[in-house]
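The values are calculated or read from the model by the stated rules, or taken from the named source; none is laboratory data. Source: prediction; values computed, not measured. So basically every Cβ, Gly included, is an ideal-geometry build from the backbone, and we count neighbours across all protein chains shown. With ligands, DNA and RNA removed, areas are computed over all heavy atoms of the protein, side chains included. Shrake-Rupley method; radii C 1.70, N 1.55, O 1.52, S 1.80 Å.
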There are 2 protein chains.
Amino acid sequence: MSDAAAAPATFVTPAALLAHWQGHRRLTRRVIEAFPEDQLFTFTLGGMRPFGEMAMELVSMAGPTVEGIATGEWASAFDRDPLPKAELLARWDAETARMNELWSRIPAERFHETMKAFGQWDGIVHDLVLYVIDNEVHHRGQGYVYLRALGMEPPPFYVRD
Amino acid sequence: MSDAAAAPATFVTPAALLAHWQGHRRLTRRVIEAFPEDQLFTFTLGGMRPFGEMAMELVSMAGPTVEGIATGEWASAFDRDPLPKAELLARWDAETARMNELWSRIPAERFHETMKAFGQWDGIVHDLVLYVIDNEVHHRGQGYVYLRALGMEPPPFYVRD
């Protein structure tokens, strides 16, 4: 089912999947924006990480994953230190542009090959990408609980533009 | 990018996407199982729904969405009343088998067509499916916060077997 045959059946094309992912990233950006600056790296529930730390994980995974898939070069160091919200959002936006450029260089057959992400995780490339997206949706859902617990209304889940 | 041309580039095949989805559903099932029976439909944070109510939403969306895509018949009524955990899990498992059977009947080109889900939401079929999966990951992430706040360790995110 992950065979790189000439014309495999298509659930979604690479271009549509990138559009879907960038829609998620626009929503996650709004969730970061919604946090009060003084709660982004401090507020927690249940002994979990603050949402800012999760967002630093997300922004350090997305672009470097696309870069690794496109070029075979996997980043080996990540800066996940807390940033002022404006700087985190600026880094987010820089990664958005970089991902679009890198994605366009990935040949479609690569999504069905196996790669070792970051020198550690073997997987079919489409699974590696879906994992990064799912990890973002998972942690963003946790950010929604944090915002609600702070008495704030999170941005609507279904708006992705 | 969502064109139904003869051999569109493939990010993921329908079979691999179903396998990915069922992996998520196995994890969500474990999260439901992890909740103490007396907290599943009662425990909340931030004024949000209890996780049991979210799980009833998830189990009433997944199978009926696949059914609608496969048959053109969209369910118009959903039973989302609270169930004892064992009955909720039994319903979950019944939907798992039904989804596998229905999915096998969907021609690949349909994923690139537009349908109106449940008589209400127009979308390209792959986007309708991804929305249902993402909604599950989103709410399951919220269930993780509830479990942590209850002092419990959630099942590992990356284990899907």
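For the range A:32-48 and the range B:88-161, what is the separation of their Cα centres, given in Å?
The distance from the Cα centre of the range A:32-48 to that of the range B:88-161 comes to 28 Å.
Considering the convex hull of the alpha carbon atoms of the range A:40-161, report its projected area averaged over all viewing directions, in nm², one decimal.
Projected over every direction and averaged, the Cα hull of the range A:40-161 covers 8.5 nm².
Per residue of A:130-140, what is the mean number of Cβ atoms on other protein chains within 10 angstrom of that residue's Cβ?
Mean shielding count: 6.
Using unit Cβ charges (K, R positive; D, E negative) and no other charged atoms, how large, in debye to the nearest 20, is the dipole of chain B about its Cα centre?
With Lys and Arg at +1 and Asp and Glu at -1, about 320 debye.
Which residue fluctuates most in the GNM of chain A (Cα springs below 10 Å): A:Ser76, A:Ser60, A:Ser104?
Comparing A:Ser76, A:Ser60, A:Ser104 in a Gaussian network model of chain A, the most mobile one is A:Ser76.
With the full set of protein chains in place, find how many percent of the accessible area of chain A is carbon and sulfur; take the probe as 1.4 Å.
With neighbouring chains kept in place, the figure for chain A is 53 percent.
Bin width 10 Å, alpha-carbon pairs only: give the P(r) of the range A:1-85 as whole percents, running from 0 to the bin holding the largest distance.
Binned Cα distances yield the sequence 14, 34, 31, 16, 6, 0.
Starting from one equal scatterer on each C-alpha and no solvent at all, send me the Debye-based log10 I(q)/I(0) for the protein assembly as shown at q = 0.12, 0.13 Å⁻¹, two decimals.
-0.86, -1.02
Let me confirm one metric for peptide A:155-161, namely the mean number of other chain beta-carbon atoms within 10 Å of its residues' beta-carbons.
Taking the mean over all residues of the peptide, I get 2.
Please list, by residue number, every one of the trypsin sites (Lys or Arg not before Pro) in the range A:81-138 that is coil in DSSP and has at most 16 other beta-carbon atoms within 10 Å.
Answer by residue number: A:Arg105.
Counting only heavy atoms of the protein chains, get the accessible area per residue of the range B:1-141 (1.4 Å probe) and round it to a whole Å² value.
41
With r defined as the distance between the Cβ atoms of A:Tyr158 and B:Glu37 and R0 fixed at 30 Å, what FRET efficiency is calculated, to the nearest 0.05?
Efficiency, rounded to the nearest 0.05: 0.40.
Explain nothing, just compute: Karplus ³J(HN,Hα) = 6.51 cos²θ - 1.76 cosθ + 1.60, θ = phi - 60°, for every residue of the range A:28-35 in order, whole Hz, x for Gly and Pro.
After applying 6.51 cos²θ - 1.76 cosθ + 1.60, I find 4, 4, 5, 5, 4, 4, 5, 5 Hz.
What FRET efficiency would be calculated for the residue pair B:Thr71, B:Ala19, taking the C-beta separation as r and a Förster radius of 30 Å, to the nearest 0.05?
0.85
Show me you know the interface measure: the accessible area buried between A and B, both chains summed, probe 1.4 Å, in Å² to the nearest 100.
3700
For the range B:58-134, run through the GluC sites (Glu not before Pro) and keep only the ones in DSSP coil with at most 11 other Cβ atoms within 10 Å of their Cβ.
Loop-located and lightly packed - B:Glu73.
Tell me the net charge near B:Val132. Cut-off is 11 Å between Cβ atoms, B:Val132 excluded, with +1 for each Lys or Arg and -1 for each Asp or Glu.
Value of the local net charge: -3.
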